[in-house]
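A short write-up of the structure that comes next.
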Number of protein chains: 2
Amino acid sequence: MPLAGPTIEPVSIQPLSPTTRSTPRRHSERGRSERAELYAVLDEALICHLGVVLDGAPVVLPTCFGRLDDTLYLHGSSGASSLRAGHGTPVCVTVTLLDALVYARSVFSHSANYRSAVVHGTARAVTDTDEKLAGLRAVVEHTTPGSWLHARQPTKKELAATGVLALDLAEASVKIRSGPPIDEEPDVEAGTSWAGVVPLRTSFGAPEPCPLLPPDTAVPPHVLRRRAVS
Amino acid sequence: MPLAGPTIEPVSIQPLSPTTRSTPRRHSERGRSERAELYAVLDEALICHLGVVLDGAPVVLPTCFGRLDDTLYLHGSSGASSLRAGHGTPVCVTVTLLDALVYARSVFSHSANYRSAVVHGTARAVTDTDEKLAGLRAVVEHTTPGSWLHARQPTKKELAATGVLALDLAEASVKIRSGPPIDEEPDVEAGTSWAGVVPLRTSFGAPEPCPLLPPDTAVPPHVLRRRAVS
């Protein structure tokens, strides 16, 4: 994610499509490690951006998601149209973790440190009740771990009113940029500009109880743990 | 962004397309305030997600951006293909600020507090040198304020190697969810689950100087200020 420079930068691209994965048999351990990196990026992110094509134009919407092995489960974020458009048609799900801003000696070499995962595929609307429950549970447990068993679970009616999309993690790529700025040698030697990295952190604040809750209600452990994770 | 429930939730949708804006003349102050909300969401976000259509399929990539009045300037994030695809074809640029996780008494009512802006339009590749410089400056100053004047500015060659897209903020919508969970009354009365909000914060850490910098180099004010902004 260069700010001003060209699109060539020190990122590692790990294609995870079955074709690429299945080719280098001697590097099966690398295959695992690539998949592990995909899982790591997906599992750390709180939201994803779902892209669909509606009437020939792209629509990108933020939404919550969860993962069960090699299946991504999504809940429609804003309007059933994206869910309907996503069913049986090509979608793209992108997850981005912004780690740092990279200040270089030249404007051209400014960049950002990040980890992103891009998943391409054909999503399917989940209709089987058991899979729907499992998918929803994955979404809820990904975003608010512990909530599935703590809160009241969905009724049949609620479940029917809920749309869930499933997307196989078959065709995916991970990009990672990390480390200090990469400047041209004359710029380094000139020594006229500061260069370095300003890291970004996402943290959870103190839980704010619902005003309708009795004042002495204790915050349960699964909510307190959420804060410790960050 | 409900986690498990339906797609209807207490969000305010503010269409900002010219048609909608121009219709209610008596509410010109609302038009201004909607535009101000759009600006506020865009100006606070560090990255956006750019959606384009490539060979009939959506592609969503993270990228840095900047704003000059009612024009969004984007720098291609990963591969010139997205920039080329974006030129003269429909694009969608989405920006999302995740403010809190919303723990409800029922799984169905779990949600997230967020502010998002979705911009639709036809992007154009910026070719005019002056506009390209202005657009790049907007991107750099949006992401790393103060860097444009502090760092070495682009050479002609660097500028030629840089792709910049411009997108008018003509058709855009803002969605905001805030506040406590909205539960069904029987769930509130049952009193068996905790409910509330866990806020999320993004902050900047201490600047980490480039290892090639002389050890006694002071961190300049514009970098130190970045941290204070969060």
Evaluate the range A:183-200: report whether one residue or more is of a type outside the set (Lys, Arg) and within 20 Å of the chain's Cα centre (by Cα). yes
Of the residues in the range A:70-82 that are surrounded by fewer than 23 Cβ atoms within 10 Å (Cβ to Cβ) and more than 7 Å from chain B (Cβ to nearest Cβ), the one that is modelled with the lowest pLDDT is A:81
Somewhere in the range B:175-196, is a residue crowded, with 18+ Cβ neighbours inside 10 Å, more than 8 Å from chain A (Cβ to nearest Cβ) and outside any loop (DSSP other than H, G, I, E, B)? yes
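Here are A:102, A:140, A:119: which of them is under 17 Å from residue A:68 (Cα atoms), within 10 Å of chain B (Cβ to nearest Cβ), among the β-branched types (Val, Ile, Thr) and in a strand (DSSP E or B)?
Values: A:102 fails: under 17 Å from residue A:68 (Cα atoms); A:140 fails: in a strand (DSSP E or B).
Of A:102, A:140, A:119, the one residue that is under 17 Å from residue A:68 (Cα atoms), within 10 Å of chain B (Cβ to nearest Cβ), among the β-branched types (Val, Ile, Thr) and in a strand (DSSP E or B) is A:119.
Give me the residue from the range B:143-153 that is not hydrophobic (A, V, I, L, M, F, W, C) and not in a loop (DSSP other than H, G, I, E, B) and, out of that set, nearest to residue B:68 (Cα to Cα). Show your work before the answer.
Applying the first criterion (not hydrophobic (A, V, I, L, M, F, W, C)) to the range B:143-153 yields B:143-147, B:150, B:152-153.
From what's left, not in a loop (DSSP other than H, G, I, E, B): B:143, B:147, B:150, B:152.
On the way: B:143: 13, B:147: 17, B:150: 20, B:152: 22 Å.
Per the stated criteria, the residue is B:143.
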Unmet requirement for residue A:89, which otherwise passes all of (1) closer than 23 Å to residue A:159 by Cβ; (2) modelled with pLDDT under 95; (3) in contact with a strand residue (DSSP E or B) (Cβ under 8 Å, 6 or more places away or on another chain): (1)
Step by step: first the residues of the range B:212-226, then only those that are touching a residue at least 24 places away in the same chain (Cβ under 8 Å) and surrounded by 15 or more Cβ atoms within 10 Å (Cβ to Cβ), then the one that is farthest from the other protein chains (Cβ to nearest Cβ). Which residue is that? B:222
Residue among B:122, B:96, B:144, B:129 that is under 29 Å from residue B:198 (Cβ atoms) and either in contact with a helix residue (DSSP H, G or I) (Cβ under 9 Å, 6 or more places away or on another chain) or among the β-branched types (Val, Ile, Thr) (or both): B:96
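Regarding residue B:162, is this residue outside any helix (DSSP H, G or I), among the β-branched types (Val, Ile, Thr) and touching a residue at least 24 places away in the same chain (Cβ under 8 Å)? Please lay out each step first, then the result.
Numbers: outside any helix (DSSP H, G or I): yes; among the β-branched types (Val, Ile, Thr): yes; touching a residue at least 24 places away in the same chain (Cβ under 8 Å): yes.
Answer is yes for this residue.
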It is to be established whether one or more residues within the range A:43-50 are modelled with pLDDT of 95 or more, of a type outside the set (A, V, I, L, M, F, W, C), buried (at least 24 other Cβ atoms within 10 Å of the Cβ) and farther than 11 Å from residue A:139 by Cα. yes
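Right, residue A:164: farther than 30 Å from residue B:219 by Cβ and at the interface with another protein chain (Cβ under 7 Å from one of its Cβ atoms) or not?
On the way: farther than 30 Å from residue B:219 by Cβ: yes; at the interface with another protein chain (Cβ under 7 Å from one of its Cβ atoms): no.
The answer is no for residue A:164.
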Pick out the one residue from B:146, B:163 that is on the phi > 0 side of the Ramachandran plot and surrounded by 16 or more Cβ atoms within 10 Å (Cβ to Cβ). B:146
Residue check for residue B:209: closer than 22 Å to residue A:178 by Cα, without any contact (Cβ under 8 Å) to a residue 12 or more places away in the chain, surrounded by fewer than 16 Cβ atoms within 10 Å (Cβ to Cβ) and at the interface with chain A (Cβ under 8 Å from one of its Cβ atoms): no
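The values are calculated or read from the model by the stated rules, or taken from the named source; none is laboratory data. Computed from a predicted structure; not experimentally measured. Reconstructed Cβ throughout: ideal geometry from the backbone, glycine too, with neighbour counts over all protein chains shown.
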